[in-house]
Structure formats: C-alpha cells, structure tokens
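Report on the structure given below.
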Amino acid sequence: IRVLLAAGVVMSPEERAEGGRVLMLLSGIAALVLLLTCANVGNLFLTRATARVGVVSVRQAIGACRGRLVRQLVTESVVLALVATAVAVPIVIGVSGVIPALFPFPMTVSVAPDASVFLFLLGVGVAAGVLFSAAPAWGVARQDVSKTLREGSTTGGRGRTRLRDGLVVGQLAVSLGLVSGAALLGRSVMNAGAADPGFNPDGVLVGALNLASTGRFDEPSSVEFQSRLLEELEAIPGVSSAGIGNQAPVLGGHARATVLPLEQADDPEAGYEAEYITVTPGYFETLEIPVVQGRGMGTPDEEPESVVVVNEALASLFWPDGNPVGQELQAQGVVRRVVGVVPDVQMRSLRTAARPAVYYPYHQVPELFLTVHLRAEGATSALVPGLRRAVANVDSDLPVLGVSDLREGLARSLSETRTFGMLVSVFAGLAVILSLIGLYGLISHGVSQRAREMGIRIALGAGDGALIRLVLAKGAGLAGAGILFGVAVSVALGRALESVLFGVSPASPLTVAGAAALLLAASLTAAWVPARRATRVDAVESLRD
C-alpha cells in the first residue's frame, strides 16, 4: 500500500519510520500465513502423490516419459490454483469493504482492489501451486519403477513422511509465534490502559483552536486572545479550572524544540530535542499535574523574566546531581531560568516512556495552535456549549475543533495498538486452524496407512487406551517439536513487535508458555479424532486385506 500525503501534510521521521515498520510487520505476518497455507497444500499434494505412486510407475513402465508425468501433475495443481484464485476474488472485494471500519481513523484513500491487486493475487496463486506441486510430482516421477511394481506403492514413503512431518512442525512453530505475538499486543493494551500517564484525564474536556486559519492573528494578538479566552473559560458554569496549551497530552498538537544547559551552550552536541509546550496559568491545575519542586506558571505581570518549568526526565538529563530550580538553559535562542519541576507526562503515546519536556509561559512564546482544557465539576459533555460560547465571545468567526473527553481520547489513542493486535490475532487464529488441519490430516493419513499394524495389535490384545496413546504420542511429538522451534519464532517476532509493545518483554516467558500450552492442547485435540478411529479398526478384515 502506498499512501500519498496531500499538499502541506507532512509526517515526522519517527512517524514515517513507525508506519513503515508496522506495514512491514503486517506484510511479513500475511506472508507467513500464506506459507502456512501453502505448506498445508504441499502436504495434501505429497499425500496424493504417495497414493498415485503405483499408477505413475505403471505409466512409466508402458513408456510415459518422466517430464510428461511431472507436467501433468503440475498442470493439475495449477488448475486448482486458478480455481482457488477465482474463489478468492469476491472474498478480496468483500474484505476491502470491511478494512476501513477496522482502523481507528477515517480513511481518505480508497482500498478497493484494482487490476494490480488481482494480478498479484493471480501470480501468488499460480506460483504457490507450481512451487508446492513440482517437488512432490518430481519425487513421484523419480521412483524406481521395477522396485515400486514389485514392492507396492509404499516404496520410498519414509522420505515423504519426514517431509510431511517437517511441514507440520514448521506450521506449528509459526503458529506459536503468531499466538505469542497476539498475546503480547493484548497485554500491551492492558498495561498501557492501566499505566499512570502523569496527569488525571477524568473530567477534562479538550478542544482545539487554530488561530492561523483565520489569517487575522500574529504573536502579540495571540497572547491577548489567550488572556481574554482564559477569563471566559473560567466563567463557564460547571468549570472548576481551565488552562490553555499548544498541545494536549497524547491527543495532538505535538511540537519539539532543542534545548541545552547554559554551561554547555557552546556545545551543539549537548542539546536535546525536548517536548515544547506553552501553557497558561491553570494548565497544571486543570490536568492535576503536581509541581514537585519550585512553582508553576504565573500571569504575564508575575513573569517579567524568561522562565520555564521542566519535567523530571529533563531535570535528570541536564542536572542529575543538583537541584534544577534556579538553573538556566538556552531555548528558543533565549536564556531561561528554571522555576519549577513537574512529573513526567506522556505527551505522545501511552505505549512509550515520557520524553524530556519544557513548559514555556504562553505570553513569552506565543503559539497560533491552541488546545483548551476544562475540568468539569460534572459531566464533560455539559461544558461543550459553554466552550463554544466562550470562544465566540472572544472571536465569533473562530471554530472550535475536535472537542472530546480526555479519558475517551486516551482510550482512542490505544486503538491503533488494538487494531494491530486484532489483525495479528486474526492471522494467528488462521495459522492455528491451518496447523491443526495439517496435523489432523497427517495423523489421519498415518492411521489409515497403519491399519494393518493396528489390526495386528488389536489381534494381539491391545486395548483402546494403548492404541489411543500410540496415535497421540505421534501428535504430541510433532507438537513438541513445533513448540521447540516456535519458541525461537516467538522471540524473533516479539523483538520485531518491540516498537508497539508497552510494559511487557518481547520474550516474555509467561506469554510464550501460555501460548505453547494452548497450542499443545489444541494439537492433542486434533489428534484425538484419528486416535479414536484407530480403535475401530476391524482386526479380521485388516488382516485378511
């Protein structure tokens, strides 16, 4: 998928890199599921090829060349692939209509499939059909004709059995990795939702204002506008406190600026690109961000000198062994004195640690994009009309944008991780189903191939329990091998997902162990049906046959 940005719309390097990582991860996971499907198809082709060894040997004995037999078997597979592709077309069209509803933001680009998508689908289908049928076809065509005709169609079956076992083990390993990945994402959402964001979002209404859109504001008039608006906001019935900033925690308006301690002002490498937040008096009180050292922001009359408030992350970065209050730093080309320290606030995302941040007085660093914060005494929805009236009282032509409850906004901020987790969960579910189908098919085929052995065991007195344990041991062995290799897949996928995880290790032993136990139980359940069928073998008939 290629996303084209409209004129004037830009993405930060971090956002672009994260978007690319997420796209690559989803593409890789989809490719893994495709490989699992192809492995299942390959197993079916191997089984069918085993059953046709006798027929192919007879045809070779009467003069059929090896190349013609391979072409016939591959042609059959390609026809099946073309039919599967045709069946997939309406599914792709239907899914493309559902995709926009899965994402937490409105999609302004079409995701309807075009000719290139269908050509890609056709190419993948045909390539998969050829790739996973050519090897079994060539293997069958290379059989020793005289030996096969003399000993029967089971000749050479041991190598094919090992290959089928390997395919099932690979399927189970990938399935374990995807299930572990989905579990890690689920735990990340829960951890992020329970984490302390550094402020109290309950009962806070947030609205955005873009003064630049009017073309009537400059920096001095912006300061006057904010002062008048703050008075109007504090007078709204039901408002306990109000504050204005250039960004709202997590929700938007993000900005950064380079700062550096004054004693290292001549060293460009000492600078740090910290969060850049302008605030009015009442901002910290409205969000209930405590001032842990020094004081908060005052009015323009109370702040004649250039001052800032920093968070604990910046204080520990610049002055790890001293008191930051009273220290000076260079920011926006001006020397500013630190008058207070506040706890770290997660301004960008609930999934990542808070970055160093600097808070500036609104009248010293004017901004044209503003976010209004109102703490309600009751329901936040009751403040919406009052907010719009307050803005209209100051400037009747200025619209209020994006009004939302801060708590609900924080929940929406996790929707991207939820969506990603849901997609991975769907892929994991498909992977598990495909793996269990492959395991069931392999065990079931093995039971049918060993019907004579089962009959002999029954004739010698073996009970149902012994036969069930014999078959389940095969399933448990394959599942165990799949889980063993799946641990490595889980760790690798967890590291690939590390950028979207929060509060959980990408190699969490508890998560991998839980996924392994789930997969083992499902695998034994899939092997149970053919195990029960083994107990119903007619010993007399199998011995006679």
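The values are calculated or read from the model by the stated rules, or taken from the named source; none is laboratory data. Quick caveat: nothing in here was measured; it's all calculated off a predicted structure. Reconstructed Cβ throughout: ideal geometry from the backbone, glycine too, with neighbour counts over all protein chains shown. Heads up: the accessible areas ignore ligands, DNA and RNA and are worked out on the full protein's heavy atoms, side chains in. Shrake-Rupley method; radii C 1.70, N 1.55, O 1.52, S 1.80 Å.
Report yes if some residue within region 354-361 is out of contact with any strand residue (DSSP E or B) (no Cβ under 8 Å at 6 or more places or on another chain) and open to solvent by 30 Å² or more (accessible area, probe 1.4 Å); otherwise report no.
Here is the first cut: in region 354-361, the residues out of contact with any strand residue (DSSP E or B) (no Cβ under 8 Å at 6 or more places or on another chain) are none.
No, there is no match, as no residue in region 354-361 is out of contact with any strand residue (DSSP E or B) (no Cβ under 8 Å at 6 or more places or on another chain) and open to solvent by 30 Å² or more (accessible area, probe 1.4 Å).
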Looking at region 151-161, can you tell me whether even one residue there is assigned to a helix (DSSP H, G or I) and at pLDDT 65 or above? yes
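Can you list the helices (runs of 4 or more DSSP H) found entirely within region 276-394 that contain at least 2 residues being under 25 Å from GLY203 (Cα atoms) and in contact (Cβ under 8 Å) with a residue 24 or more places away in the chain? Let's see the steps before the verdict.
Numbers: elements: 283-287, 312-318, 384-394.
Filter on region 276-394 gives 283-287, 384-394.
From ILE62, ILE99, which residue is surrounded by 11 or more Cβ atoms within 10 Å (Cβ to Cβ), more than 21 Å from GLY129 (Cβ to Cβ) and either at pLDDT 65 or above or in contact with a Cys (Cβ under 6 Å, 6 or more places away or on another chain) (or both)?
On the way: ILE62 fails: surrounded by 11 or more Cβ atoms within 10 Å (Cβ to Cβ).
None of the other options fit; the residue is ILE99.
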Of everything in region 208-255, what is assigned to a strand (DSSP E or B) and open to solvent by less than 60 Å² (accessible area, probe 1.4 Å)? Give them in sequence order. ALA208, LEU209, ASN210, VAL239, SER241, ALA242, GLY243, ILE244, GLY245, ALA248, GLY252
Please specify each residue of region 393-427 satisfying the condition of being under 30 Å from ALA173 (Cβ atoms) and either modelled with pLDDT of 85 or more or open to solvent by 20 Å² or more (accessible area, probe 1.4 Å) (or both). GLU416, ARG418, MET422, LEU423, SER425, VAL426, PHE427
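Considering each of VAL325, VAL291, VAL358 in turn, give the residue that is in contact with a Gly (Cβ under 6 Å, 6 or more places away or on another chain), hydrophobic (A, V, I, L, M, F, W, C) and closer than 19 Å to GLY198 by Cα.
Residue meeting the stated conditions: VAL291.
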Within the set of pairs 6+ apart or on separate chains, which have a first residue in region 84-108 that is more than 11 Å from PHE118 (Cβ to Cβ), a second that is hydroxyl-bearing (Ser, Thr, Tyr) and modelled with pLDDT under 75, and C-beta atoms under 9 Å apart? SER96/SER110; PHE103/SER415; PRO104/SER413; PRO104/SER415; PHE105/SER415
Do we find that GLY475 is open to solvent by less than 30 Å² (accessible area, probe 1.4 Å), in a helix (DSSP H, G or I) and closer than 20 Å to ARG533 by Cβ in this structure? yes
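With the structure loaded, tell me whether LEU287 is within 34 Å of the chain's Cα centre (by Cα) and over 20 Å from GLY409 (Cβ atoms) or whether it fails that test.
Numbers: within 34 Å of the chain's Cα centre (by Cα): yes; over 20 Å from GLY409 (Cβ atoms): no.
Here the answer is no, as LEU287 does not meet what is asked.
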Output for region 461-477, where each listed residue is within 18 Å of GLY438 (Cβ to Cβ) and of a type in the set (Lys, Arg): LYS474
Members of region 431-454 that are part of a helix (DSSP H, G or I), surrounded by fewer than 19 Cβ atoms within 10 Å (Cβ to Cβ) and not acidic (Asp, Glu): ILE433, ILE437, GLY441, GLY446, SER448, GLN449, ALA451, ARG452
For region 482-507, enumerate the residues that are more than 23 Å from ARG348 (Cα to Cα) and not in a helix (DSSP H, G or I). ALA507
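So is ALA376 in contact with an Asp or Glu (Cβ under 8 Å, 6 or more places away or on another chain), buried (at least 20 other Cβ atoms within 10 Å of the Cβ) and at pLDDT 85 or above or not?
On the way: in contact with an Asp or Glu (Cβ under 8 Å, 6 or more places away or on another chain): no; buried (at least 20 other Cβ atoms within 10 Å of the Cβ): yes; at pLDDT 85 or above: yes.
Here the answer is no, as ALA376 does not meet what is asked.
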